[in-house]
Structure formats: C-alpha cells, structure tokens
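Each remark here refers to the structure printed beneath this line.
The values are calculated or read from the model by the stated rules, or taken from the named source; none is laboratory data. Note that the coordinates shown come from a computational prediction; the quantities given were computed from them, not determined experimentally. Methodologically, a virtual Cβ is constructed for each residue, glycine included, from the backbone with ideal geometry; neighbour enumeration extends over all protein chains shown.
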C-alpha cells in the first residue's frame, strides 16, 4: 500500500440507507422530487439540471429518504453483474429531493476527509466494480445487499492536496468528454430538424395532405410499424444447449444510435434469463423500457452469435422498406410524441410489443426512403466519429483511474 493512503471499508466511513419511496402519487401526501435508478446510472452528479420525476410521499419516508449535498447514491441491482454499483454524488441541496427504492444512499460520517469533487471518482474505481461483480447474486436480476456495500473496500489518499491533484487530472479528461458530448447533442438536434423538415416536405413534392394536424406529402402512406417490420422473430428456447456461447447486449449497452460491443462470450447456462432474442445485420433494437430515452440502435455490421435482452424489441425490416429509413423515423417528432403519450404518467415507463406494433409511421416509396437516408447518413457519420473519439477518451480515463487507485 502506498504511503499516506488509507484502505478501509465503506461501513467504516459512512452509513447506507435503503428507501421505500415508489413512483406513486396520493392525494394526502406531499409532492416530492424523486431520484430514480436511471438518474444515478446516467449521471455522475445529481443536481438541478436533472428533470426529476414528481410523485408524493408521507412524512416518514421524507424523513428517512431525503437527500442532501455530498450524499452518494448507488445502483444496487442490474441485469448483469458487471453493470452493478454505479454511483452519483448529490452536489447541491435541493428542496424535497428523495431517492427511490431502486437506489441506495450512502452518507459519509466525516465529510472533511474528502474533497467534494473527489467523491465523483473514489467510489467508482475498477477495484470497487470488481468487488461488486463478485458479491452480486441473482439469476433474472443481480443485486447487492446492505452488507455487501458496507464491506466494500475503499482506497484513498489522506492528503486533501493529493485528492485535489487527482481531481484536476481526471476533470481535464471529463471536460474533453463533456465538450464532445455537447457537439454530439448539437449534431443530433441538427439531424432531428433535418428529419422533421424532410418528413413534412418530402423530396420534390408539390401536393400535400394533413394527418393529425401535420402536413405530409400527398403520396406518402400512413402505416403502423407492424406493416414495416416483423418483431421478435427469433428467440432462444428454454431447452437451448447449456454450452451455447454468444455475445450478449443488455439495455445498458445501448444509447441513442450506439451500442457497446461485448468483449467476451457467455454460455447460455450462465446467462441472465432475459438473454433470449437473436440479432442479425440490419435489425433495429428498440428498448421497450423507458423508450422515451431513445435507446435505439441500427445493427449495420455483420453479427454472429449475438443475443439481446428481452427488454428490446428486435425489428426486422420487411421487403419494399429501408431499415435505415425506419430507424431514423424513430427519432422524428411524429413518432417520439406517440411514444411519449404511451409512457407519460405511468409508474413503470415501458411499452408492450402490441403497443409498439400500432405506432404510426410515414412511408414514402422505397426510392424516396433511400434518398432521404442518403441525406441523413453524412450527419450520422459525423456523430459516429465523435462517439468514437469519446470512447477513446473514456478508455484513457479508465487507464488513468486504474493507475491512480492501484494499491501497489
């Protein structure tokens, strides 16, 4: 162990607290802001920039599950053991902010031992994730209990000056990632505006009609998704060869337009029970869980022995339709608004395959679909290149984190 570094356990420096706050609202309870699982999973910091879900809670839950500055939240469950225990720091006091029953709160006994920003990094090291991987248990969903968290080793420098130096080094990398993310967001917004304009005007169209208050080219059809694609055609059976090995894509592997390729195969006998749906080239993966987050991806590469979670609908394009056009249509305002209506106000934001089949799409002739894709694809390529840069920088950060927090 390095000189002037401390190795202890989470339980020795703070206390963990679970929550019983759900996503329901009752007339006789106080309205509160709720930090959900995905708020923690998707953000290193919990602050006022996040649009928190508003629900209600009784006074007892408010007292037990409230959050304050410097609290750390963890994700205690996951579909796979290698994606469990993500953390996020509450960076400011926010009135009536509570954490949901899908998260665990960690409150440090003596806040003076850590630099505030150092908290973003010290609880998300490679060694901690390895520990969570080993301690997690489950089959359909992996979980960590309170004892697992309390016994987790944590390693940090005693000097706050050293902590500051680490923060400065890692923040410089984070700033690069943030700058690239903003560029991607700009490109995505530009792509969306181009899509919406094309869906309203078409190509070289002089005649129009109105559907649901939206002007579209007169020759375009309005169809349901089931007219464009087949959904979930191929799945693994319960009687699959236990030694069948495949690459598994879970919900967390997919973000808008991109997916993380798994490095290693897993055997059917060791796989989560949700690993069931087969994937092939030109399929579209549509996350039916929180679809408003637009975790959709178009599989353009050849893929062999790839299986995805039952949390996805796998869309296979029918003849006389272009898979890239259908994929891009998912990001249009016309489709997004229909998805939003299906999940708005629900306690568990998800849609069924039957609901998905009935979502309406605009369909031009195949040759026009292809021409529209040719307009969109250069923008997509720019977004892909920016995402590739982010992946490289994230790998650099991972390497830095490993070197900084290595105990040897």
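Couple of notes before you dig in:
- Of residues in the stretch 180-205 being free of Cβ contacts under 8 Å to residues at least 40 places away in the same chain and out of contact with any strand residue (DSSP E or B) (no Cβ under 9 Å at 6 or more places or on another chain), the one nearest to residue 367 (Cα to Cα): 204
- Members of the stretch 64-80 that are closer than 19 Å to residue 146 by Cβ and over 16 Å from the mean Cα position of the chain (by Cα): 64, 65, 66, 67, 71, 72, 73
- Qualifying position, being outside any loop (DSSP other than H, G, I, E, B) and buried (at least 22 other Cβ atoms within 10 Å of the Cβ), among 269, 307: 307
Listed here are the residues, each with its yes/no results for (1) in the same structural domain as residue 92 (by TED's automatic domain parsing); (2) at pLDDT below 95; (3) under 18 Å from the mean Cα position of the chain (by Cα); (4) under 21 Å from residue 121 (Cβ atoms).
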site: 20; (1), (2), (3), (4): yes, yes, no, no
site: 23; (1), (2), (3), (4): yes, yes, no, no
site: 27; (1), (2), (3), (4): yes, yes, no, no
site: 36; (1), (2), (3), (4): yes, yes, yes, no
site: 43; (1), (2), (3), (4): yes, yes, yes, yes
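- Verdict on residue 81 being in the same structural domain as residue 17 (by TED's automatic domain parsing), within 24 Å of residue 128 (Cα to Cα) and out of contact with any helix residue (DSSP H, G or I) (no Cβ under 7 Å at 6 or more places or on another chain): no
- Every test in (1) buried (at least 16 other Cβ atoms within 10 Å of the Cβ); (2) within 30 Å of residue 361 (Cβ to Cβ) is passed by residue 233 save one, and that test is (1).
- Taking the stretch 90-106 as the range and being surrounded by fewer than 16 Cβ atoms within 10 Å (Cβ to Cβ) and either in contact with a strand residue (DSSP E or B) (Cβ under 7 Å, 6 or more places away or on another chain) or outside the structural domain of residue 48 (by TED's automatic domain parsing) (or both) as the test, only 96 passes.
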